[in-house]
1. For residues that are part of a strand (DSSP E or B), surrounded by fewer than 16 Cβ atoms within 10 Å (Cβ to Cβ) and under 13 Å from the mean Cα position of the chain (by Cα), tally how many sit in the stretch 33-63.
2. Condition test on Glu15, is it assigned to a helix (DSSP H, G or I), touching a Leu at 6+ places or on another chain (Cβ under 6 Å) and among the acidic types (Asp, Glu)?
3. Those residues that are touching a residue at least 40 places away in the same chain (Cβ under 8 Å) and touching a Lys or Arg at 6+ places or on another chain (Cβ under 6 Å), I need them from the stretch 42-101; list them, please.
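Readers should treat all values here as calculations from the given coordinates under stated rules, not as data from a laboratory. These numbers come from a predicted model, not from an experiment. Heads up, the Cβs are rebuilt from the backbone with ideal geometry, glycines too, and the neighbour counts pull from every protein chain shown.
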Amino acid sequence: MHEFSLMASVLSTAEDRAQEANAIKITNISLTIGRLTEVMPDALQFAHQVLTEGTIAEGSTLKMTIIEPRSRCLVCGLEYEHDRYHRTCPACQALACELLQGHELFIDSIEVENAD
Ligand SMILES: [Zn+2]
């Protein structure tokens, strides 16, 4: 389960940050995920629910921003969005393109609650 190991490492980072901030609770975790990582948002949401049980992140929300793949054609310079399988330039049909985005996978922000 790719999503479970991914979520486990996200949560471990989030808990480290929360501890550094003397937080008692994690209330939200925001992630940015490129479509080409093939991470399934539903599976990640489920992993989050299961793995946060009994931790300081229990009851927190998980926000995900999905980044669609985007490339630049090396022949005509056009920038375009595409899916995993169709990377041909829509303007000149060239196959030579440079991927600009779509492989992102990082934590945007972690929201915590402090003890007063
Ligand atoms: Zn082109």
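1. 1
2. It is false that Glu15 is assigned to a helix (DSSP H, G or I), touching a Leu at 6+ places or on another chain (Cβ under 6 Å) and among the acidic types (Asp, Glu).
3. Correct list: Ile56, Gln101.
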